[in-house]
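Take a look at the structure below.
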Amino acid sequence: MKPFAYDEIGYWSEVKLDIVRKYASAYSTIMSAQPTIRKHIYIDAFAGAGRHVSRRTGEFVHGSPLNALKVAPPFSEIHLIDLHGGKVAELRRQIGSRQDVFIYAGDANKVLLDTAFPRCRYEDFNRALCLLDPYALNVDWSVFQTAGQMGSIEIFYNFMIMDANMNVLWRNPDNVAPAQAVRMDKAWGDHSWREAAYVGKQTLWGDTFDEKARNEDIAEGFRKRLEEVAEFKYVPRPVPMRNEKGVVIYYLFFASPNKTGARIVEDIFNTYRIRGIA
C-alpha cells in the first residue's frame, strides 16, 4: 500500500500550532477546575490527517488534533472534522477507538452548526474551544455569528487574506468574478467587506476612485465584526502569519466571551510579536 502523503507545512504553521497548543493546555486546566462546568470540549473544524511534515526539517509534526489529545487535564470531548475522506481515514487510523473522540467526514460549516455546537450550550454548563484552520475562505459567517451569540465558545480562526487578495480584493473590484464576491460575502457575512477593503480617494481633478486598503486595515474590519456583529466580548488584535518571503498569508484571530482567555492569548500573541515573528 502506498504511504499516506501528509501535508507539508512551513514555519508559520508550526508557530500557529504552538500558539493553539499552549492555549489549549491553559484552557483545559482552567475549565477542569470550574465546579459548575460539566464539559469542556475541543473542536477542530479542518482537522486534517493528524500530523504534518515540516518543510524546514523534513520531520513529522503533530497536528492540532494530536496535540489536543495530549492535553492534561484532558478535554471532556474532542470533535474532529474534515471534508477530505483520505485525511479522515488516516486520522481514524492514528487515533483508534476512543469514546471521547468524535470524527466527522463532511462540510465543517454544516457539522459545526448541526452537530458540534449544540453540544456546547451555555445553559447546559458546557464550554468549547474551536479551531477554524482552513486553507481558504471556507468558513461561513453563520459559524461565527452562532458561536459568538452562544456565549460558550472560544475560537481561533485563520482569516486567509492571501485567498482574499488573489481572488476578491483586486485593485478594480468591478473586475472580480461574481462567484468570488459571493464567496467573500459568505465569509464576511454581508457585502460590507467593500467598505473595509477600499478607501475612497480623490484625484487632483476632483474625480473619486476606490483604492485598496492595507491588509491590516481589512483584518481590523473583520476583528470589529467579530466584536460588534458576532458579539464576541473579547477579540484581541490578530497575529499576521507570513511565508518564507515575508508575505502575510493569513491573520490568526482569537475571539472569546471570556476576559481571562483573551488575556492569556494576548500574552501568547505578544510573545511572538516581541520575537519578531509577527
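The values are calculated or read from the model by the stated rules, or taken from the named source; none is laboratory data. As the structure is a prediction and not an experimental result, all values here were calculated from the model. With ideal geometry, Cβ positions are generated from the backbone for all residues, glycine too; neighbour counts draw on all protein chains shown. Accessible surface is based on the protein model in full, side chains and every heavy atom, while ligands, DNA and RNA are left aside. Shrake-Rupley method; radii C 1.70, N 1.55, O 1.52, S 1.80 Å.
Structure summary
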| item | result |
| --- | --- |
| Residue count, region 90-121 (criterion: assigned to a helix (DSSP H, G or I), open to solvent by 60 Å² or more (accessible area, probe 1.4 Å) and within 19 Å of R51 (Cβ to Cβ)) | 2 |
| Test: residue in region 58-81 that is loosely packed, with under 15 Cβ neighbours inside 10 Å, under 21 Å from the mean Cα position of the chain (by Cα) and over 19 Å from N243 (Cα atoms) | yes |
| Some residue of region 8-26 being among the charged types (D, E, K, R), farther than 15 Å from F254 by Cβ and not in a helix (DSSP H, G or I) | yes |
| Residue check for M166: open to solvent by 20 Å² or more (accessible area, probe 1.4 Å), modelled with pLDDT of 95 or more and under 20 Å from the mean Cα position of the chain (by Cα) | yes |
| Residue selected from region 169-188 under the condition surrounded by 21 or more Cβ atoms within 10 Å (Cβ to Cβ) and touching a strand residue (DSSP E or B) at 6+ places or on another chain (Cβ under 9 Å), by the criterion farthest from S28 (Cα to Cα) | L169 |
| Hits in region 129-147 (condition: open to solvent by less than 10 Å² (accessible area, probe 1.4 Å) and over 14 Å from the mean Cα position of the chain (by Cα)) | none |
